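The values are calculated or read from the model by the stated rules, or taken from the named source; none is laboratory data. All figures in this text were calculated on a predicted structure; none of them were measured in a lab. Cβ atoms come from the backbone with ideal geometry, glycine included; neighbour counts cover every protein chain shown. Please note that ligands, DNA and RNA were not included when accessible areas were found on the heavy atoms of the full protein model with its side chains. Shrake-Rupley method; radii C 1.70, N 1.55, O 1.52, S 1.80 Å.
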Amino acid sequence: DKGEFPHFMLKEIHEQPDVIRRAIQGYTSDNSLDLKKLGIERLEVSKLEQIHIVACGTAYIAGLVCRSFIERTLQIPVNVEIASEFRYREPFLLGDRKTLVIVISQSGETADTLASLKYAAGHECQTLSICNVPFSSIVRHSQSSILMTAGPEIGVASTKAFIGQILCLYLWSLAAGKEKGFTSIVEIDEALAELKQLPNQVAKVLETKSDIEKIAAKYNGYKSFLFVGRGSSYPIAIEGALKLKEISYIHAEAYAAGELKHGPIALVDKDMPVLAIAPNDRYQEKTVSNILEIRARNGIIIGLGDSENKHLASVCDDLMSGPSSSNEVFQALLSTIPLQLFSYYVACQRGEDVDQPRNLAKSVTVE
Ligand code: M6R
(Lines give C-alpha, C1' and ligand atoms only; values in the text may rest on other atoms or scores of the structure.)
Protein backbone atom coordinates (compact mmCIF):
# COMPACT_ATOMS: atom_id res chain seq x y z
CA ASP A 1 0.00 0.00 0.00
CA LYS A 2 1.48 3.31 -1.12
CA GLY A 3 -0.71 5.28 1.28
CA GLU A 4 -0.68 8.99 0.47
CA PHE A 5 2.28 8.64 -1.92
CA PRO A 6 2.14 8.24 -5.71
CA HIS A 7 5.04 5.76 -5.70
CA PHE A 8 6.60 3.25 -3.33
CA MET A 9 9.94 4.95 -3.85
CA LEU A 10 8.68 8.26 -2.45
CA LYS A 11 6.95 6.46 0.41
CA GLU A 12 10.12 4.58 1.25
CA ILE A 13 12.20 7.76 1.12
CA HIS A 14 9.80 9.24 3.67
CA GLU A 15 10.04 6.19 5.92
CA GLN A 16 13.73 6.81 6.55
CA PRO A 17 13.36 8.72 9.85
CA ASP A 18 11.44 5.70 11.15
CA VAL A 19 14.11 3.27 9.90
CA ILE A 20 16.60 5.17 12.08
CA ARG A 21 14.24 5.25 15.08
CA ARG A 22 13.68 1.50 14.78
CA ALA A 23 17.44 0.95 14.60
CA ILE A 24 17.91 2.90 17.83
CA GLN A 25 15.17 0.86 19.49
CA GLY A 26 16.23 -2.44 17.97
CA TYR A 27 19.99 -2.38 18.51
CA THR A 28 20.20 -0.67 21.87
CA SER A 29 18.82 -1.42 25.28
CA ASP A 30 19.20 0.78 28.35
CA ASN A 31 21.24 3.19 26.26
CA SER A 32 23.90 0.65 25.43
CA LEU A 33 24.45 -1.49 22.35
CA ASP A 34 22.68 -4.84 22.16
CA LEU A 35 25.56 -7.17 21.27
CA LYS A 36 23.25 -10.05 20.41
CA LYS A 37 21.11 -8.11 17.94
CA LEU A 38 24.29 -6.68 16.44
CA GLY A 39 25.60 -10.16 15.72
CA ILE A 40 28.63 -9.89 18.00
CA GLU A 41 27.87 -12.87 20.21
CA ARG A 42 28.32 -15.38 17.42
CA LEU A 43 31.64 -13.93 16.28
CA GLU A 44 35.16 -14.17 17.66
CA VAL A 45 36.01 -10.50 17.29
CA SER A 46 39.34 -10.70 19.14
CA LYS A 47 40.71 -13.02 16.43
CA LEU A 48 40.06 -10.66 13.53
CA GLU A 49 42.97 -9.34 11.50
CA GLN A 50 41.19 -8.30 8.31
CA ILE A 51 37.68 -7.57 7.05
CA HIS A 52 36.19 -7.85 3.58
CA ILE A 53 32.80 -6.28 2.96
CA VAL A 54 31.21 -7.89 -0.08
CA ALA A 55 27.95 -6.91 -1.78
CA CYS A 56 26.33 -5.68 -5.01
CA GLY A 57 24.92 -2.33 -6.11
CA THR A 58 23.68 -0.05 -3.39
CA ALA A 59 24.57 -2.57 -0.67
CA TYR A 60 28.20 -2.42 -1.86
CA ILE A 61 28.07 1.37 -1.61
CA ALA A 62 26.90 1.09 2.03
CA GLY A 63 30.14 -0.80 2.66
CA LEU A 64 32.16 1.98 1.06
CA VAL A 65 30.49 4.57 3.29
CA CYS A 66 31.54 2.76 6.47
CA ARG A 67 34.97 1.47 5.47
CA SER A 68 37.12 4.22 7.01
CA PHE A 69 35.08 4.28 10.19
CA ILE A 70 35.44 0.51 10.66
CA GLU A 71 39.18 0.64 9.95
CA ARG A 72 39.71 3.37 12.49
CA THR A 73 37.46 1.75 15.08
CA LEU A 74 38.89 -1.77 14.84
CA GLN A 75 42.39 -0.86 13.66
CA ILE A 76 42.48 -3.56 11.01
CA PRO A 77 42.38 -3.25 7.21
CA VAL A 78 38.94 -3.26 5.57
CA ASN A 79 38.42 -4.07 1.90
CA VAL A 80 35.09 -3.37 0.21
CA GLU A 81 34.41 -5.36 -2.91
CA ILE A 82 31.76 -6.13 -5.49
CA ALA A 83 30.53 -9.68 -4.99
CA SER A 84 30.72 -10.74 -8.64
CA GLU A 85 34.46 -9.94 -8.56
CA PHE A 86 35.23 -11.27 -5.10
CA ARG A 87 33.74 -14.70 -5.74
CA TYR A 88 35.93 -15.42 -8.75
CA ARG A 89 39.21 -13.62 -8.23
CA GLU A 90 40.49 -16.00 -5.53
CA PRO A 91 41.12 -13.25 -2.94
CA PHE A 92 43.88 -13.69 -0.39
CA LEU A 93 42.09 -14.49 2.85
CA LEU A 94 43.81 -15.14 6.15
CA GLY A 95 42.32 -18.45 7.31
CA ASP A 96 42.04 -19.73 10.84
CA ARG A 97 39.09 -17.40 11.58
CA LYS A 98 41.29 -14.29 11.25
CA THR A 99 39.23 -12.87 8.37
CA LEU A 100 35.68 -11.64 8.68
CA VAL A 101 33.64 -11.44 5.49
CA ILE A 102 30.63 -9.17 5.93
CA VAL A 103 28.03 -9.59 3.22
CA ILE A 104 25.28 -7.01 2.82
CA SER A 105 22.04 -7.67 0.95
CA GLN A 106 18.59 -6.17 1.18
CA SER A 107 16.92 -9.26 -0.32
CA GLY A 108 19.28 -11.84 1.15
CA GLU A 109 19.01 -13.73 -2.16
CA THR A 110 21.53 -12.02 -4.46
CA ALA A 111 23.37 -14.82 -6.28
CA ASP A 112 26.86 -13.30 -6.34
CA THR A 113 26.66 -12.21 -2.71
CA LEU A 114 25.51 -15.65 -1.62
CA ALA A 115 28.31 -17.29 -3.62
CA SER A 116 30.87 -14.96 -1.99
CA LEU A 117 29.54 -15.88 1.43
CA LYS A 118 29.89 -19.59 0.67
CA TYR A 119 33.40 -19.01 -0.67
CA ALA A 120 34.38 -17.24 2.56
CA ALA A 121 32.86 -19.94 4.73
CA GLY A 122 34.84 -22.51 2.76
CA HIS A 123 38.10 -20.67 3.46
CA GLU A 124 38.02 -20.66 7.27
CA CYS A 125 36.66 -17.13 7.46
CA GLN A 126 34.14 -15.85 9.93
CA THR A 127 31.00 -14.54 8.26
CA LEU A 128 28.43 -11.90 9.15
CA SER A 129 25.45 -10.92 7.02
CA ILE A 130 23.38 -7.75 7.08
CA CYS A 131 20.01 -8.44 5.47
CA ASN A 132 16.50 -7.07 5.38
CA VAL A 133 14.74 -10.41 4.95
CA PRO A 134 14.80 -12.84 7.86
CA PHE A 135 15.43 -16.51 6.97
CA SER A 136 16.69 -15.54 3.52
CA SER A 137 19.38 -17.73 1.89
CA ILE A 138 22.17 -15.37 2.93
CA VAL A 139 20.99 -15.25 6.54
CA ARG A 140 20.74 -19.04 6.62
CA HIS A 141 24.28 -19.49 5.34
CA SER A 142 25.98 -17.00 7.68
CA GLN A 143 27.65 -17.64 10.98
CA SER A 144 26.13 -14.48 12.38
CA SER A 145 23.63 -11.96 11.05
CA ILE A 146 22.03 -8.62 11.70
CA LEU A 147 18.48 -8.00 10.58
CA MET A 148 18.01 -4.52 9.19
CA THR A 149 15.18 -2.32 10.45
CA ALA A 150 14.12 -0.99 7.04
CA GLY A 151 10.94 -3.06 6.71
CA PRO A 152 9.89 -4.41 3.29
CA GLU A 153 11.28 -2.38 0.39
CA ILE A 154 9.13 -2.54 -2.74
CA GLY A 155 10.66 0.10 -5.05
CA VAL A 156 13.38 -1.42 -7.20
CA ALA A 157 15.61 1.55 -6.42
CA SER A 158 16.99 0.95 -2.96
CA THR A 159 16.46 3.88 -0.60
CA LYS A 160 15.57 3.06 2.99
CA ALA A 161 17.47 -0.24 2.83
CA PHE A 162 20.66 1.72 2.12
CA ILE A 163 20.12 3.79 5.26
CA GLY A 164 19.40 0.61 7.23
CA GLN A 165 22.59 -1.01 5.95
CA ILE A 166 24.74 1.98 6.88
CA LEU A 167 23.27 2.02 10.39
CA CYS A 168 23.88 -1.71 10.90
CA LEU A 169 27.50 -1.45 9.81
CA TYR A 170 28.09 1.63 11.92
CA LEU A 171 26.57 0.19 15.09
CA TRP A 172 28.18 -3.19 14.51
CA SER A 173 31.62 -1.59 14.33
CA LEU A 174 31.02 0.36 17.55
CA ALA A 175 29.94 -2.87 19.24
CA ALA A 176 32.94 -4.77 17.84
CA GLY A 177 35.21 -1.92 18.97
CA LYS A 178 33.79 -2.23 22.46
CA GLU A 179 34.35 -5.98 22.39
CA LYS A 180 37.99 -5.41 21.37
CA GLY A 181 38.46 -2.82 24.10
CA PHE A 182 39.09 -0.03 21.56
CA THR A 183 35.81 1.86 21.92
CA SER A 184 34.94 3.37 25.27
CA ILE A 185 31.51 3.64 26.84
CA VAL A 186 31.81 7.43 26.56
CA GLU A 187 32.40 7.17 22.80
CA ILE A 188 29.38 4.91 22.44
CA ASP A 189 27.24 7.28 24.52
CA GLU A 190 28.28 10.18 22.32
CA ALA A 191 27.58 8.23 19.13
CA LEU A 192 24.14 7.19 20.36
CA ALA A 193 23.32 10.75 21.40
CA GLU A 194 24.19 11.96 17.90
CA LEU A 195 22.26 9.10 16.35
CA LYS A 196 19.14 10.19 18.21
CA GLN A 197 19.31 13.54 16.39
CA LEU A 198 19.34 11.88 12.98
CA PRO A 199 15.63 11.11 12.45
CA ASN A 200 14.75 14.79 12.87
CA GLN A 201 17.64 15.88 10.68
CA VAL A 202 16.44 13.52 7.92
CA ALA A 203 12.87 14.76 8.37
CA LYS A 204 14.14 18.33 7.87
CA VAL A 205 15.84 17.35 4.61
CA LEU A 206 12.55 15.81 3.46
CA GLU A 207 10.90 19.19 4.04
CA THR A 208 13.12 20.68 1.31
CA LYS A 209 11.63 18.36 -1.33
CA SER A 210 9.80 21.06 -3.27
CA ASP A 211 13.11 22.95 -3.69
CA ILE A 212 14.71 19.76 -4.99
CA GLU A 213 11.75 19.17 -7.31
CA LYS A 214 12.34 22.63 -8.82
CA ILE A 215 16.04 21.96 -9.32
CA ALA A 216 15.15 18.60 -10.91
CA ALA A 217 12.77 20.40 -13.30
CA LYS A 218 15.60 22.66 -14.40
CA TYR A 219 17.98 19.81 -15.18
CA ASN A 220 15.79 16.90 -16.24
CA GLY A 221 16.54 17.40 -19.94
CA TYR A 222 20.30 16.84 -19.76
CA LYS A 223 21.72 13.65 -21.21
CA SER A 224 24.64 13.13 -18.89
CA PHE A 225 25.74 14.01 -15.35
CA LEU A 226 28.92 13.76 -13.32
CA PHE A 227 28.68 13.27 -9.55
CA VAL A 228 31.71 14.12 -7.44
CA GLY A 229 32.63 14.08 -3.75
CA ARG A 230 35.50 13.43 -1.37
CA GLY A 231 35.79 11.34 1.78
CA SER A 232 32.47 9.79 2.76
CA SER A 233 30.79 11.98 0.10
CA TYR A 234 32.53 9.99 -2.63
CA PRO A 235 30.44 6.83 -2.09
CA ILE A 236 27.38 9.07 -1.93
CA ALA A 237 28.34 10.43 -5.35
CA ILE A 238 28.41 6.80 -6.58
CA GLU A 239 25.03 6.12 -4.98
CA GLY A 240 23.55 9.35 -6.41
CA ALA A 241 24.74 8.48 -9.91
CA LEU A 242 23.46 4.89 -9.62
CA LYS A 243 20.03 6.09 -8.52
CA LEU A 244 19.78 8.61 -11.36
CA LYS A 245 20.72 6.16 -14.11
CA GLU A 246 18.62 3.36 -12.66
CA ILE A 247 15.28 5.19 -12.65
CA SER A 248 15.66 8.05 -15.13
CA TYR A 249 17.93 6.29 -17.70
CA ILE A 250 20.18 9.34 -17.81
CA HIS A 251 23.87 8.60 -18.06
CA ALA A 252 25.59 9.48 -14.78
CA GLU A 253 29.09 8.75 -13.58
CA ALA A 254 30.68 9.30 -10.20
CA TYR A 255 34.26 10.30 -9.48
CA ALA A 256 36.28 11.11 -6.44
CA ALA A 257 36.58 14.90 -6.88
CA GLY A 258 40.37 14.64 -6.79
CA GLU A 259 40.30 12.35 -9.83
CA LEU A 260 38.70 14.96 -12.09
CA LYS A 261 41.95 16.27 -13.47
CA HIS A 262 43.13 12.74 -14.21
CA GLY A 263 40.69 12.40 -17.08
CA PRO A 264 37.01 13.18 -16.57
CA ILE A 265 37.42 16.97 -16.59
CA ALA A 266 37.93 16.60 -20.34
CA LEU A 267 34.22 15.81 -20.55
CA VAL A 268 33.11 18.99 -18.82
CA ASP A 269 31.15 21.46 -20.92
CA LYS A 270 27.85 23.33 -20.71
CA ASP A 271 25.92 20.18 -21.60
CA MET A 272 26.98 18.03 -18.67
CA PRO A 273 26.01 19.25 -15.20
CA VAL A 274 28.32 18.25 -12.35
CA LEU A 275 26.66 17.44 -9.06
CA ALA A 276 29.20 18.25 -6.36
CA ILE A 277 28.65 17.01 -2.81
CA ALA A 278 30.40 19.50 -0.56
CA PRO A 279 29.23 19.39 3.06
CA ASN A 280 30.92 21.45 5.77
CA ASP A 281 33.70 18.96 6.44
CA ARG A 282 37.48 18.80 6.24
CA TYR A 283 37.28 18.10 2.50
CA GLN A 284 35.09 21.05 1.57
CA GLU A 285 37.82 23.48 0.59
CA LYS A 286 39.36 20.92 -1.77
CA THR A 287 35.98 20.14 -3.35
CA VAL A 288 35.33 23.87 -3.82
CA SER A 289 38.66 24.12 -5.69
CA ASN A 290 37.43 21.35 -7.98
CA ILE A 291 34.15 23.23 -8.46
CA LEU A 292 36.11 26.31 -9.52
CA GLU A 293 38.07 24.26 -12.05
CA ILE A 294 34.79 23.01 -13.52
CA ARG A 295 33.39 26.53 -13.69
CA ALA A 296 36.50 27.72 -15.47
CA ARG A 297 35.61 25.21 -18.20
CA ASN A 298 32.02 26.47 -18.53
CA GLY A 299 30.67 23.55 -16.53
CA ILE A 300 27.37 23.75 -14.67
CA ILE A 301 27.50 23.03 -10.93
CA ILE A 302 24.64 21.69 -8.85
CA GLY A 303 25.99 21.74 -5.31
CA LEU A 304 24.83 19.77 -2.31
CA GLY A 305 25.81 21.35 0.98
CA ASP A 306 25.05 23.94 3.60
CA SER A 307 22.79 26.57 2.02
CA GLU A 308 23.94 29.10 4.64
CA ASN A 309 27.49 28.77 3.35
CA LYS A 310 27.70 31.88 1.17
CA HIS A 311 30.97 30.96 -0.47
CA LEU A 312 29.67 27.56 -1.53
CA ALA A 313 26.40 29.08 -2.75
CA SER A 314 28.32 31.66 -4.79
CA VAL A 315 30.27 29.03 -6.75
CA CYS A 316 27.25 26.81 -7.57
CA ASP A 317 24.60 27.41 -10.22
CA ASP A 318 22.11 25.76 -7.89
CA LEU A 319 22.55 24.48 -4.36
CA MET A 320 20.55 21.66 -2.79
CA SER A 321 20.49 22.21 0.91
CA GLY A 322 21.87 19.42 3.09
CA PRO A 323 22.64 19.48 6.80
CA SER A 324 26.14 18.99 8.17
CA SER A 325 27.30 16.46 10.73
CA SER A 326 30.71 16.10 12.31
CA ASN A 327 30.26 12.32 12.06
CA GLU A 328 31.39 11.23 8.57
CA VAL A 329 28.98 8.28 8.43
CA PHE A 330 25.98 10.39 9.46
CA GLN A 331 27.09 13.07 7.02
CA ALA A 332 27.01 10.51 4.20
CA LEU A 333 23.59 9.32 5.30
CA LEU A 334 22.20 12.87 5.38
CA SER A 335 23.63 13.74 1.95
CA THR A 336 21.94 10.67 0.47
CA ILE A 337 18.40 11.96 1.00
CA PRO A 338 18.45 14.98 -1.37
CA LEU A 339 20.01 12.81 -4.08
CA GLN A 340 17.27 10.19 -3.73
CA LEU A 341 14.69 12.96 -4.12
CA PHE A 342 16.56 14.49 -7.06
CA SER A 343 16.54 11.19 -8.98
CA TYR A 344 12.96 10.55 -8.04
CA TYR A 345 11.73 13.90 -9.36
CA VAL A 346 13.87 13.79 -12.51
CA ALA A 347 12.48 10.32 -13.33
CA CYS A 348 8.88 11.35 -12.61
CA GLN A 349 9.22 14.52 -14.67
CA ARG A 350 10.51 12.42 -17.57
CA GLY A 351 7.50 10.14 -17.23
CA GLU A 352 9.43 7.03 -16.22
CA ASP A 353 8.13 4.17 -14.10
CA VAL A 354 10.16 4.85 -10.96
CA ASP A 355 9.06 1.78 -9.01
CA GLN A 356 9.62 -0.68 -11.85
CA PRO A 357 12.48 0.61 -14.00
CA ARG A 358 13.09 -1.25 -17.25
CA ASN A 359 15.47 -4.22 -17.30
CA LEU A 360 15.80 -4.37 -13.51
CA ALA A 361 14.57 -6.83 -10.89
CA LYS A 362 14.29 -6.21 -7.16
CA SER A 363 16.10 -9.40 -6.35
CA VAL A 364 18.93 -10.63 -8.61
CA THR A 365 18.99 -14.37 -8.01
CA VAL A 366 21.02 -15.26 -11.10
CA GLU A 367 24.53 -14.06 -11.84
O1 M6R B 1 19.16 -7.37 -2.47
P2 M6R B 1 20.54 -6.79 -2.56
O3 M6R B 1 20.80 -5.73 -1.56
O4 M6R B 1 21.61 -7.85 -2.50
O5 M6R B 1 20.61 -6.14 -3.99
C6 M6R B 1 21.81 -5.56 -4.45
C7 M6R B 1 21.57 -4.69 -5.65
O8 M6R B 1 20.98 -5.44 -6.70
C9 M6R B 1 20.68 -3.49 -5.34
O10 M6R B 1 21.19 -2.71 -4.30
C11 M6R B 1 20.54 -2.60 -6.58
O12 M6R B 1 21.77 -2.02 -6.91
C13 M6R B 1 19.47 -1.53 -6.36
N14 M6R B 1 18.46 -1.64 -7.36
C15 M6R B 1 20.01 -0.14 -6.35
O16 M6R B 1 19.02 0.81 -6.14
message = Can you tally the net charge around Leu267? Count Lys and Arg as +1, Asp and Glu as -1, for every other residue whose Cβ sits under 14 Å from the Cβ of Leu267.
response = -1
note = For the stretch 34-129, shape from the Cα gyration tensor axes a ≥ b ≥ c, cut at a/c of 1.5 then a/b versus b/c, turns out rounded
ask   = Of Ile277, Ile185, Ile82, which is the most mobile in a GNM of the chain whose springs link Cα atoms less than 10 angstrom apart?
value = Ile185
inquiry  = Suppose we keep just the alpha-carbon trace of the stretch 67-116; what are its Rg and Dmax in angstrom?
reply    = 12.0, 31
ask   = Between the helical axis of 16-27 and the dominant principal axis of the chain, each derived from Cα atoms, what acute angle in degrees is found, rounded to the nearest 10?
value = 20 degrees
key: Protein accessible area in the chain, 1.4 Å probe - carbon and sulfur %   = 49 percent
query = To the nearest Å, what is the center-to-center distance of the stretch 111-138 and the stretch 247-280, using C-alpha atoms only?
reply = 34 Å
key: Cα gyration tensor category, rounded, prolate or oblate, for the stretch 241-343 with a/c compared to 1.5   = oblate
request  = Give a residue-ordered list of calculated ³J(HN,Hα) values for the stretch 152-158 (Karplus: 6.51 cos²θ - 1.76 cosθ + 1.60, θ = phi - 60°; whole Hz; x for Gly, Pro).
outcome  = x, 10, 9, x, 5, 6, 6
ask   = Just how much of Lys180 is accessible, in Å², when a 1.4 Å probe is used and the result is rounded to the nearest 10?
value = 50 Å²
query = Rg and Dmax of the stretch 303-367, using alpha carbons, in Å: what are they?
reply = 16.1, 49
ask   = Assigning unit charges at the beta carbon (Lys, Arg +1; Asp, Glu -1) and nothing else, what dipole magnitude in debye, to the nearest 20, does the chain show about its Cα centre?
value = 220 debye
task = Distance between Cα centroids, the stretch 1-72 to the stretch 191-228: provide it in whole Å.
result = 20 Å
request  = Can you tell me how much longer the chain between Glu90 and Asn298 gets when fully stretched, taken as 0.36 nm per residue apart minus their C-alpha distance, in nm with one decimal?
outcome  = 70.4 nm
request  = For the chain, with a Gaussian network of springs between Cα atoms less than 10 Å apart, report the residue from Tyr60, Tyr119, Tyr27 with the top mean-square fluctuation.
outcome  = Tyr119
message = With n ≥ 4 as the cut-off for DSSP H runs, can you work out [θ] at 222 nm for the chain, using -39500 (n - 2.57) per run divided by the number of residues, rounded to the nearest 500?
response = -14500 deg cm²/dmol
request  = Kindly identify the stretch 171-287 as rounded, prolate or oblate by the Cα gyration tensor criterion: order the square roots of the eigenvalues as a ≥ b ≥ c, call it rounded if a/c is under 1.5, otherwise compare a/b with b/c, prolate if a/b is larger, else oblate.
outcome  = prolate
task = Place the peptides 298-307, 92-101 in order of packing, highest mean first, counting for every residue the other Cβ atoms within 10 Å and averaging per peptide.
result = 298-307, 92-101
note = Computed curve, the chain, Cα-only Debye sum without solvent term, log₁₀ I(q)/I(0) at 0.06, 0.13, 0.14 Å⁻¹, is -0.21, -1.02, -1.17
remark   = Listed residues Tyr88, Tyr219, Tyr345; largest mean-square fluctuation, Gaussian network over the chain with Cα springs below 10 Å, found at Tyr88
message = Report, to one decimal in Å, the Kirkwood hydrodynamic radius for the stretch 219-278 based on all distinct Cα pairs.
response = 11.4 Å
query = Rounded to the nearest whole Å², what accessible area per residue is found for the chain with the 1.4 Å probe?
reply = 41 Å²
